[in-house]
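Shown next, in structure tokens, is the structure this report addresses.
The values are calculated or read from the model by the stated rules, or taken from the named source; none is laboratory data. Note that the coordinates shown come from a computational prediction; the quantities given were computed from them, not determined experimentally. Note: ideal-geometry Cβ built from the backbone for every residue, glycine included; neighbour counts use all protein chains shown.
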Amino acid sequence: MPERSERFAARAERELRREVLIEPLAELGLVAFDGPNDPAPSLVLEGDRVVELDGRREQDWDVLDHFVARNGIDPVAAREAASLADGEIARRLVDVDCPRAELVRLSRGLSPARLARIVTMLDPVELMFALKKLRARHAPANQAHVTNLKENPALLAADAAEAAARGFAELETTVGVSRYAPLNALAILVGAQTGRPGVMTQCAVEERLNLRLAIQGLVTYAETLSVYGTEAVFVDGDDTPWSKALLASAYASRGVKVRFTSGGGSEALMGESEGKSLLYLEARCLAVVRAAGSQGVQNGSISCVALALALPGGTREVLAENVLAAWLDLEVASGNDAIASHSEIRKTAKLMGQFLPGTDFVTSGYSSMPRYDNMFGGGNYDSHDLDEWLTLQRDWQVDAGIEPLAEEDAVAVRERAARAVQVVFEELGFPPVTDEEVALAATCLDSRDLPDRDRAADVLAGDRVLAEGISGLDVARALERRGLGDVAEAVFAMQRQRVAADYLQTAAVIDADGTVRSAVNAPNDYRGPGTGYRLEGARWERLRRLPHAVDARLLGAPPPREPLLREVGEARALDTPDDVVIAVGPAFAGALGETINGLAHADVLAAIVDGVRDGGAAPRVVRIRRSADVAFIGHDGARLAGSRVAVGVQSKGTALIHRADLQPLDNLELFGMAPLLTVESYRQIGLNAAGYALGRAVSPVPTLLDNYARAKLIVRTTLLHAREAAEVVRGVPAVEVEPIAAPTPA
């Protein structure tokens, strides 16, 4: 058996290798796009009536064909699109001079197979560009998940409030036990409106229950209307396109915003893909969604994302789904909610397709709590990742819908939301929310930190919400009676919004002042560089000021409290063979007082001096003032040393051993990894310098390495070096210095 490579073995243990990557298997629908069994596009009209769709005549249609042909095709647009080649339409998708409205109009004349074939022509960068151009609403937004395993109302409210305060425009909860749904809906309604008025909420439960909660004013949107790309999967779910359209109309008639859910891979997962590709089946789903009159869709493989990513081109296919939805003039909640990969690199690479161009909702559920409490099956990103997400926004100057929030502000809004739910439970006669629960909800990590509740009593309270018709208005009155008038007003305002129903428009979100922004009054107007939504002005100032970002003026080692070195005259070259110069930088023990890893300059200097002495040589300290470069500091010192050997030390701690006959950028030993140097390291450097000076065989100081040092410390390095460079005086000679003795205690 051949010997294994240890490097291959190490890679086999990486997180990525916990996943299964497969070759396409078209007969099972396991192919991302351009499947060999996908139908050739066709759209035949007799008058204004569609009689053939994607290779099938009317008598051979399934329910999806019938629904799309009768409700989703514009014959005028179809005739225009028929005169255009696929390549021409694809070019228009990425042509800044072709307006979005024209493309949306053309999409109404394209069959599902042709839609899929055209977007397949775009590479990943072109898909992102098309998505930026086709997004319905002017500015991106984001949605959060709010759940916990104990279904604790105080913690639900606290997480909802923090998510709202962080800028999420929508919040979604779900339940482990359906009878908890009314209480969970109530908790995130109160929490969301405490965090920021206008945040929309939903409870992902069975449709009839969800609609009932909406009618009672406890939720304001829904996205649980699933559609599929084959008739067999619809039948398996006891649904049809018409039943889904009727349900969407039922929501809308009660002033509830609704979007459908679809996503590549669901048909393959359920064993009824008809051997078609993920993208073609998703194109059929989206054609059904538009034909049903929905304002939007949650898509991008969603819960099947790991299946899509197992296939070649899977990430590209997911992005193409989002582009298709936007092209069809639908609000796009672009997935990024279910775990896509164990690999952090792969997860983030997938995210960038939606993050950079921006979508109406960059995630259809960012876990606002730790993954442990995510009852949606684990989020792609959770509360542990907030700083990284915010930093990515700052890195790219991209708005992905999340705002910075200081720790004290987060704790305060969490406590207030938990207190508000406590008040509502008291007023409605529900099982009490204790002061302990309120306090812990404000500061805990996850639900394991909270005490168990009486679950039987809670589900009975949930039953009461439905039996007694307890509504959002009742919740507002309870809050008003207990002095929480601002939260009461925000909850009541959501009831007014439901009556006005302005947020039923495509891609609607609600600002804190109650203004609805949608594709109607805030459309995406991107038409090339300098147009469309730009992260700038006050919004950019807000998103760039992260709580963990620091003022550069405050970084860097502080100067010593008292002077450490005294100049004793211009440094002269000596000829004594045991003279070893310790050359320090212009800011050493002056403008700066410690190295990059916090070692006091006094201790560093003492260690080098001791090392030189212990090696049998005579140390002499000089300050080089003409340069802050460690190579020249050390080389200048060597030219002054009687032994022609010197130690050079920058103020930030970088050091070397130099010899006068070498070129300045050459040296005997270089110690560039200053953050890892200790006092003992500097003593050994001095010892070796003495050995070189006296002609002994010297074993180099062991090399230390930290591959993350640059990322961790480059800012601090830059600032320290800038301070040293500011002390440089060009053309002046080195000066000899000596330590100032500390005063003797009285």
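With the condition kept exactly as written, say whether any residue in region 18-37 is over 23 Å from Glu274 (Cβ atoms), surrounded by 10 or more Cβ atoms within 10 Å (Cβ to Cβ), hydrophobic (A, V, I, L, M, F, W, C) and in contact with a helix residue (DSSP H, G or I) (Cβ under 8 Å, 6 or more places away or on another chain). Give the steps one after another, and end with the answer.
Quick first cut of region 18-37, residues over 23 Å from Glu274 (Cβ atoms) only: 18-21.
Those still in the list that are surrounded by 10 or more Cβ atoms within 10 Å (Cβ to Cβ) too: 18-19, 21.
Narrowing the set further to residues that are hydrophobic (A, V, I, L, M, F, W, C) leaves 21.
Retained after the next criterion (residues that are in contact with a helix residue (DSSP H, G or I) (Cβ under 8 Å, 6 or more places away or on another chain)): none.
No, region 18-37 contains no residue that is over 23 Å from Glu274 (Cβ atoms), surrounded by 10 or more Cβ atoms within 10 Å (Cβ to Cβ), hydrophobic (A, V, I, L, M, F, W, C) and in contact with a helix residue (DSSP H, G or I) (Cβ under 8 Å, 6 or more places away or on another chain).
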Which residue out of Arg166, Arg135 is of a type in the set (Lys, Arg) and more than 30 Å from Glu436 (Cβ to Cβ)?
Arg135
Thr147 passes all but one of the listed conditions (1) within 16 Å of the chain's Cα centre (by Cα); (2) part of a loop (DSSP other than H, G, I, E, B); the exception is number (1)
Can you report the number of residues in region 56-73 which are without any contact (Cβ under 8 Å) to a residue 12 or more places away in the chain and not in a helix (DSSP H, G or I)?
2
From Gln684, Gln650, grab the single residue that is in contact with an Asp or Glu (Cβ under 7 Å, 6 or more places away or on another chain) and either in contact (Cβ under 8 Å) with a residue 40 or more places away in the chain or among the small types (Gly, Ala, Ser) (or both).
Gln650
Within region 1-17, track down each residue that is loosely packed, with under 12 Cβ neighbours inside 10 Å and either in a helix (DSSP H, G or I) or among the basic types (Lys, Arg) (or both).
Arg4, Glu6, Arg7, Phe8, Ala9, Ala10, Arg11, Arg14
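Table: residues versus (1) of a type in the set (D, E, K, R); (2) within 21 Å of Pro733 (Cβ to Cβ); (3) in a strand (DSSP E or B).
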residue	(1), (2), (3)
Ile608	no, no, no
Gly648	no, yes, yes
Lys652	yes, no, no
Asp666	yes, no, no
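Residues in region 589-606: is at least one over 46 Å from the mean Cα position of the chain (by Cα) and either over 25 Å from Arg710 (Cα atoms) or assigned by TED's automatic domain parsing to the domain that holds Met673 (or both)?
Yes, region 589-606 contains a residue that is over 46 Å from the mean Cα position of the chain (by Cα) and either over 25 Å from Arg710 (Cα atoms) or assigned by TED's automatic domain parsing to the domain that holds Met673 (or both).
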Any idea which of Ser364, Ser368, Ser383 is polar (S, T, N, Q), at pLDDT 95 or above, surrounded by fewer than 24 Cβ atoms within 10 Å (Cβ to Cβ) and over 17 Å from Ala268 (Cβ atoms)?
Ser383
Residue hits (region 259-275; outside any helix (DSSP H, G or I) and crowded, with 24+ Cβ neighbours inside 10 Å) are Arg259, Phe260, Ser262, Gly263, Gly264, Gly265, Ser273
Scan region 122-134 and tell me whether some residue there is touching a residue at least 12 places away in the same chain (Cβ under 8 Å), farther than 30 Å from Tyr221 by Cβ and among the hydrophobic types (A, V, I, L, M, F, W, C).
yes
What residue, of Arg710, Arg696, Arg730, is surrounded by fewer than 20 Cβ atoms within 10 Å (Cβ to Cβ), within 35 Å of the chain's Cα centre (by Cα) and basic (Lys, Arg)?
Arg710
Which numbered condition Gln422 misses (of (1) loosely packed, with under 14 Cβ neighbours inside 10 Å; (2) more than 30 Å from Ala101 (Cβ to Cβ); (3) among the polar types (S, T, N, Q)):
(1)
Out of (1) surrounded by 24 or more Cβ atoms within 10 Å (Cβ to Cβ); (2) farther than 19 Å from Thr531 by Cα; (3) in contact with a Leu (Cβ under 8 Å, 6 or more places away or on another chain); (4) touching a residue at least 60 places away in the same chain (Cβ under 8 Å), what's the single condition that is false for Arg114?
(1)
Test Ala722 against the stated conditions and say whether it is touching a strand residue (DSSP E or B) at 6+ places or on another chain (Cβ under 8 Å), modelled with pLDDT of 85 or more and in the same structural domain as Asp575 (by TED's automatic domain parsing).
no
Go through region 406-445 and give me each residue that's part of a loop (DSSP other than H, G, I, E, B) and either under 27 Å from Arg542 (Cα atoms) or under 34 Å from the mean Cα position of the chain (by Cα) (or both).
Ala406, Val433, Cys444, Leu445
Within region 303-344, of all residues that are under 27 Å from Arg11 (Cβ atoms) and of a type in the set (Ser, Thr, Tyr), the one surrounded by the most Cβ atoms within 10 Å (Cβ to Cβ) is Thr315
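Residues checked against (1) within 19 Å of Glu102 (Cβ to Cβ); (2) among the polar types (S, T, N, Q):
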residue: Val491; (1), (2): no, no
residue: Gln497; (1), (2): no, yes
residue: Ala500; (1), (2): no, no
residue: Ala512; (1), (2): no, no
residue: Ala519; (1), (2): yes, no
residue: Ala522; (1), (2): no, no
residue: Asp525; (1), (2): yes, no
residue: Gly530; (1), (2): no, no
If I ask for residues that are within 11 Å of Pro586 (Cβ to Cβ) and of a type in the set (A, V, I, L, M), which ones from region 701-730 would you list?
Ala725, Ala726, Val728, Val729
